[in-house]
Ligand SMILES: Cc1ncc(C[n+]2csc(CCOP(=O)(O)OP(=O)(O)O)c2C)c(N)n1
Ligand SMILES: [Mg+2]
């Protein structure tokens, strides 16, 4: 843990105009907000009594959920959560809006790069911008993120360089970036494994006596994995300063969330002794508020918190997937009406902050980012030596690995021989 470094000034390419929106704990409402966490959970339980049929409750529904900005752009009051974002100015909101526009543009450009053969694969985040930006912008540079493969928006808030973001998907490197340089581990493709890493890291923070927090990002499908459940047992047992941030995007490839979750996913955490919040994941302000509450709790020694951000994956699982084969008709339209960017745009237009000129400037910034990212992508080495895959597994020599490497080298040589 002694290796942990803080990240200062690394948001050059990645920062929207608001930079990091660090948690500012409201002085007078701490207790009410802590009880708010459990209140949110109690609400959920009230609406889904034990023994109710699964039809009573689709885990994707938006009832009993924290929401501060409605899909029509209206700002709703939430006494327990409002104090946590009372400091957020219109300019900050515009920064969050810009962030979301930029990461959606990054996503579109990366999808295009994959279609043009420049990337092997891409996992789109389309629709999940608010969940990622609202949470990512709440973090401090010395917090540490352990993510899955879809958190490009979070990586953006951490200041990942574009080439590093894409190298993983281009297959030019065994990882993507130096985790310590941006306070974020490289993507975990083994579903749910990163929740264990986050819990271990958080215990290290506690041991070191620092108030940094580890955040594990994972999906609705991951909650069925043993790793996630084991991580929650350990986190609760040892009061690890970790946030379990679940983006419930309604699908685990082609499996709908309702198949594996007969109750709200957020309902599970209290069974482990972890308070949970269910938040509208398409509402960037609500996500920011919930993440700040969880961060504050962890920093004060209160242990883990589970956040279920209810959102929707508007694109395919990856560029290799065709959701038309399993997605019910009309579902996409239903969620498009709750688009995270449109709703914040409406709020800002209503306040006179998002004028045509400002919208043009934001779009120009997003286009410039996409241009820069494309250039970084095509500049990456295309066909690295396959044997380099062995180079970064252990820090020192390892006889077993050396054996595998020489076997693989022999195999590659045999292919060369076959071709000639
Ligand atoms: C341990 C493990 N099992 C299965 C897979 C194959 N797999 C890749 S993505 C995925 C679905 C994950 O769904 P979810 O957790 O909801 O995340 P999302 O893709 O929706 O962001 C599965 C089963 C895997 N990568 N790792
Ligand atoms: Mg999912």
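All of the numbers you see were taken from the coordinates with simple rules; none came from a lab. Everything quoted here is computed from the prediction, not taken from an experiment. Every residue, glycine among them, receives a Cβ derived from its backbone with ideal geometry; neighbour counts consider all protein chains shown.
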How far is it, in nm, from the label point at residue 393 to the one at residue 358 when both lie 7 Å from their Cα along the line to the Cβ? 5.3
Given the C-alpha centroids of the stretch 277-340 and the stretch 194-256, what is the distance between them in whole angstrom? 16
So how far, in whole Å, is the C-alpha centre of the stretch 126-191 from the one of the stretch 347-375? 22
Which of the peptides 283-289, 273-279 is most tightly packed, and how do the rest follow, going by the mean number of other Cβ atoms within 10 Å of each residue? 283-289, 273-279
Arrange 356, 331 by Cβ neighbour counts within 10 Å, fewest through most, would you? 356, 331
What distance in nm lies between label points placed 7 Å from Cα along the C-beta direction at residue 108 and residue 416? 4.5
Cα-based equivalent ellipsoid, the stretch 364-420: semi-axes from gyration tensor eigenvalues, Å: 36, 19, 5
How would you order 340-351, 360-371, 375-386 from highest to lowest mean count of nearby Cβ atoms within 10 Å? 340-351, 360-371, 375-386
Debye intensity ratio I(q)/I(0), log10, the stretch 30-378, q values 0.06, 0.08, 0.09, 0.14 Å⁻¹ (C-alpha model): -0.19, -0.35, -0.44, -1.16
Determine the gain in length on full extension of the stretch residue 329-residue 342; use 0.36 nm per residue of separation and subtract their C-alpha separation, reporting nm with one decimal. 2.5 nm
Output the peptides 211-220, 120-129 sorted from most to least packed, where packing is the average of other Cβ atoms within 10 Å over each peptide's residues. 211-220, 120-129
